[in-house]
Amino acid sequence: MKRNLFIIICFGLFLVACVDRGDDVPPVVTQELADVTETAVPIPTPRPSPTAAPDVAPSVPATFDKFSLWVDGPHLRGANIWQAIVIPELDGLEFKGPGPVGPPFTQEDFNRLAALGANYVSISGPGLFTETPPYELDPGVQENLDNLLAMIEQADMFATISIRTGPGRSEFTLCCAGEPGFDGYFNDTMWEDPAAQDAWVEMWRTIADRYKDNPIVVGYKLMVEPNSSGVFFDIYEPDEFYDQYAGTLYDWNQLYPRIVAAIREVDTETPILIGGNGWSGVAWLNYLEPVDDPRTVYIVHQYEPQEGYTHQEGRKHSYPGEFDLDYDGEDDSFNRAWLDEFLSPIDTFKARYGVPVAVDEFGVNRWSPGAAEFMADQMALFEEKGMNHALWEWSTSWEPFASDVYDMNYLLGPDPDNHLQEVPNELLDVITGFWARNEIRPSTFTAPAQSENTPQDTLSAATWWQPTPGLTWQWQLDQPVDTSYDVAVYDVDLFETETAVIADLHAQGKKVICYLSAGSWEEWRPDADQFPPAVLGNDYDGWPGEKWLDIRQIDQLAPIMRARLDLCRDKGFDAVEPDNIDGYTNDTGFPLTYDDQLAYNIWLAEEAHVRGLAIGLKNDDEQVTDLLPYFDWALTEDCFDQGWCEEMSPFIVAGKPVFAAEYTDTGITADDFCPQAEALGFSAILKHRDLDAWVEVCSDY
């Protein structure tokens, strides 16, 4: 599909670019300028967030391989910033700042982004070589990039260097094809000039050699939105393009392997990011030809449906909604199912080549109806697919620019007439809810202290499964497990479920949770004789052969629980469901307190995570606020019947699922609770209390 407005800056940047904005043009953007401009615009106080930026530049240990940040994720969630060469005759002297690159960013801009939870920045800007011959280093552009990286490091975030322009390629190809007033500024000669392509290769060799030892640089994005197919031939279908132009200079597939080879001559470590032709759209991903480099990440940009929704003029179409999505004259359903299907080529590519994929640009006009729900569903799908993601865009506080380029400035809320004032809004809450899941920053990118109980092979950066709201599930604790249900997640018994069953479920693309009781003793378990008598309390009412545990005695319980978690990991489970972790609210026979339970539950979460296991908070609704940062999902029983489901909603807000089970013995029916479950975003099912295979899934209603 043709992209008429390729980057959101088109309106704000270039419709006002011809206005005279001043007289004086300093030669470079320096840190001193950034310091001065920090006070140019009043900056609202950032909202409370899980991670605030440090006051001083951190020392960044490089204990872990940077490539680990791109696999088994997501680990990086952040935003793009945009910059371009300042052209005084178009931009004037204020709009993009004094140059040579603008708009300017300040330390406070990055501190605020970090304070909202982001942990990486994609620097989408000009390359270090000039766009015209003799294709040489531009010292002003290089100094600007150095300054940006220094500020991002001080904000304790990672960065990728994403090159928009360079030898034979100007900014205008990405924003303004067909727009009047820019004749003489378009430059796409790189797609027809071997010398320009050679210079692009040399530019990247220079970039890699300069930044290879920078500890926060975790990726080189070789070109932002290659687009020869559209610029030269008005072709927007990959089959049509490659049938005619494969192997020619227009074919990005013949150029990027040369760039990769040049980079690896000077930098063997830094991950390389490659997107496809066609503006790196999802539909073009499977036409990339992966290179023989084990440290390459493949990326997509996702703005579809662009004309119909994310970049629509006005507010005609809503999410979810009905409108013509495939240009056949018939309305289609625009919802999460459509998004999931649209993103399915990513799954195909990952399965075919066994390589990581990331979403390096995505976004929506902030006033589009249903934008918050759209973003929530889309980001949840990115998380489900394990992909790092960077939204478009994080705005500068440079007022002349910020007041004109605001379509995707999510600080401003849904009012298109609000150009500068930050306001609380639902769309921002969705975004920061996902950013709150970031656990890695440059200052923490190092090995945790190792104890005798810490498995050697689990000392890596947040590699456990991080589920997202909306997943379907089945919960069966008896045997044999019926593996035929069309759901995304199974929750089954740790001890009784055979490894072959887990492997079968994984082969179907499902995640598998191990059930174990962490707060009670069960006489039928194979390790029951390992529990010291002193930790056994009152009988568990209604469950013969079961007793409460004294969870204050972690030193006594730790060897047993660690062995269970080891078994969960070794069998291949993805997560653990620890049952009976709300003993302090029950008659256990011990004077358990709120703080006793909190300490034990946090200990369990940390032990699960160090083994690469996600962990769920079961029922313990009174401790949600304190435990939310430590647990990856929640599981409830009877919350609809008993009326306390909303206590678990913070999990949904944080982008973590709530798996809710109701039981038939209470008399409740699916019709009674499924509508409310859908409204809350819970993944709800109806079960028999003995947790056999029978289930009714709310998503089927």
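Got a sec? Which of 605, 614 is assigned by TED's automatic domain parsing to the domain that holds residue 509, in contact with an Asp or Glu (Cβ under 7 Å, 6 or more places away or on another chain) and crowded, with 18+ Cβ neighbours inside 10 Å?
Step by step, each of 605, 614 is checked, and only 614 is assigned by TED's automatic domain parsing to the domain that holds residue 509, in contact with an Asp or Glu (Cβ under 7 Å, 6 or more places away or on another chain) and crowded, with 18+ Cβ neighbours inside 10 Å.
Among the candidates 252, 284, which residue alone is assigned by TED's automatic domain parsing to the domain that holds residue 216, out of contact with any Cys (no Cβ under 7 Å at 6 or more places or on another chain), of a type in the set (Phe, Trp, Tyr) and more than 16 Å from residue 197 (Cα to Cα)?
Testing whether each residue is assigned by TED's automatic domain parsing to the domain that holds residue 216, out of contact with any Cys (no Cβ under 7 Å at 6 or more places or on another chain), of a type in the set (Phe, Trp, Tyr) and more than 16 Å from residue 197 (Cα to Cα) leaves just 284.
I want to confirm something. Restricting to segment 209-226 and keeping residues that are closer than 18 Å to residue 143 by Cβ and in contact with a helix residue (DSSP H, G or I) (Cβ under 7 Å, 6 or more places away or on another chain), which single residue is surrounded by the fewest Cβ atoms within 10 Å (Cβ to Cβ)?
209
Going by the conditions given, is residue 541 touching a residue at least 40 places away in the same chain (Cβ under 8 Å), closer than 25 Å to residue 501 by Cβ and out of contact with any helix residue (DSSP H, G or I) (no Cβ under 7 Å at 6 or more places or on another chain)?
It is false that residue 541 is touching a residue at least 40 places away in the same chain (Cβ under 8 Å), closer than 25 Å to residue 501 by Cβ and out of contact with any helix residue (DSSP H, G or I) (no Cβ under 7 Å at 6 or more places or on another chain).
Out of segment 384-394, which residues are surrounded by fewer than 22 Cβ atoms within 10 Å (Cβ to Cβ) and modelled with pLDDT of 95 or more?
none
For segment 375-431, give me each residue that is more than 17 Å from residue 113 (Cβ to Cβ), small (Gly, Ala, Ser) and part of a loop (DSSP other than H, G, I, E, B).
Hits for segment 375-431 are 386, 403, 413.
Is there a residue being at pLDDT 95 or above and under 17 Å from residue 572 (Cα atoms) anywhere in segment 451-460?
No - not one qualifying residue is present in segment 451-460.
Can you tell me which residues in segment 465-486 are among the polar types (S, T, N, Q) and in contact (Cβ under 8 Å) with a residue 24 or more places away in the chain?
If the condition is that a residue be among the polar types (S, T, N, Q) and in contact (Cβ under 8 Å) with a residue 24 or more places away in the chain, then 466, 468, 472, 474, 476, 483 are the ones that fit.
Scan segment 279-299 and tell me whether some residue there is under 23 Å from the mean Cα position of the chain (by Cα) and over 30 Å from residue 375 (Cα atoms).
Yes: one or more hits.
Report the residue count in segment 173-197 for those that are without any contact (Cβ under 8 Å) to a residue 24 or more places away in the chain and closer than 22 Å to residue 280 by Cα.
2
Determine whether residue 572 is buried (at least 20 other Cβ atoms within 10 Å of the Cβ), touching a helix residue (DSSP H, G or I) at 6+ places or on another chain (Cβ under 7 Å) and in contact (Cβ under 8 Å) with a residue 40 or more places away in the chain.
When the stated conditions are applied, residue 572 does not pass them.
Would you be able to tell me the number of residues in segment 634-644 that are in contact (Cβ under 8 Å) with a residue 24 or more places away in the chain and on the phi > 0 side of the Ramachandran plot?
Residues flagged as in contact (Cβ under 8 Å) with a residue 24 or more places away in the chain and on the phi > 0 side of the Ramachandran plot within segment 634-644 amount to 1.
With the requirement that a residue be part of a strand (DSSP E or B) and either within 19 Å of residue 465 (Cα to Cα) or among the aromatic types (Phe, Trp, Tyr) (or both), what does segment 520-532 give you?
Scanning segment 520-532 gives a single hit, 521.
Considering only helices (runs of 4 or more DSSP H) fully contained in segment 181-296, which possess at least 1 residues that are of a type in the set (Gly, Ala, Ser)?
194-211, 228-233, 256-266
Could you list, in sequence order, all residues of segment 582-596 that are in a loop (DSSP other than H, G, I, E, B) and either within 18 Å of residue 622 (Cα to Cα) or in contact with a helix residue (DSSP H, G or I) (Cβ under 9 Å, 6 or more places away or on another chain) (or both)?
Matches in segment 582-596: 582, 586, 587, 588, 590, 591, 592, 593.
Within segment 77-96, how many residues turn out to be in a helix (DSSP H, G or I) and surrounded by fewer than 24 Cβ atoms within 10 Å (Cβ to Cβ)?
Total meeting the criteria: 3.
Tell me the helices (runs of 4 or more DSSP H) entirely within segment 98-177 that contain at least 2 residues that are more than 28 Å from residue 198 (Cβ to Cβ) and not β-branched (Val, Ile, Thr).
Of the helices (runs of 4 or more DSSP H) lying wholly inside segment 98-177, those with at least 2 residues that are more than 28 Å from residue 198 (Cβ to Cβ) and not β-branched (Val, Ile, Thr) span 107-115, 139-154.
Quick check on segment 348-368. Is at least one of its residues assigned to a helix (DSSP H, G or I), touching a helix residue (DSSP H, G or I) at 6+ places or on another chain (Cβ under 7 Å) and modelled with pLDDT under 95?
Yes, there is a match, as at least one residue in segment 348-368 is assigned to a helix (DSSP H, G or I), touching a helix residue (DSSP H, G or I) at 6+ places or on another chain (Cβ under 7 Å) and modelled with pLDDT under 95.
Could you grab me the full set of residues in segment 539-566 that are surrounded by 14 or more Cβ atoms within 10 Å (Cβ to Cβ) and outside any helix (DSSP H, G or I)?
The answer is 539, 540, 546, 547, 548, 549, 550, 551, 552, 553.
Among what's in segment 469-519 and is assigned to a loop (DSSP other than H, G, I, E, B) and closer than 17 Å to residue 570 by Cβ, pick the residue that is nearest to the chain's Cα centre (by Cα).
Here the residue is 494.
Out of all the residues in segment 165-184, is one or more surrounded by 18 or more Cβ atoms within 10 Å (Cβ to Cβ), within 21 Å of residue 70 (Cβ to Cβ), among the aliphatic types (A, V, I, L, M) and under 29 Å from the mean Cα position of the chain (by Cα)?
Looking through segment 165-184, none of the residues is surrounded by 18 or more Cβ atoms within 10 Å (Cβ to Cβ), within 21 Å of residue 70 (Cβ to Cβ), among the aliphatic types (A, V, I, L, M) and under 29 Å from the mean Cα position of the chain (by Cα).
Could we say that residue 103 is modelled with pLDDT of 95 or more, in the same structural domain as residue 439 (by TED's automatic domain parsing) and not acidic (Asp, Glu) here?
It is true that residue 103 is modelled with pLDDT of 95 or more, in the same structural domain as residue 439 (by TED's automatic domain parsing) and not acidic (Asp, Glu).
The values are calculated or read from the model by the stated rules, or taken from the named source; none is laboratory data. Just so we're clear, the structure is a prediction, and the values are computed from it rather than from any experiment. Positions of Cβ are backbone-derived with ideal geometry, glycine not excepted, and every protein chain shown enters the neighbour counts.
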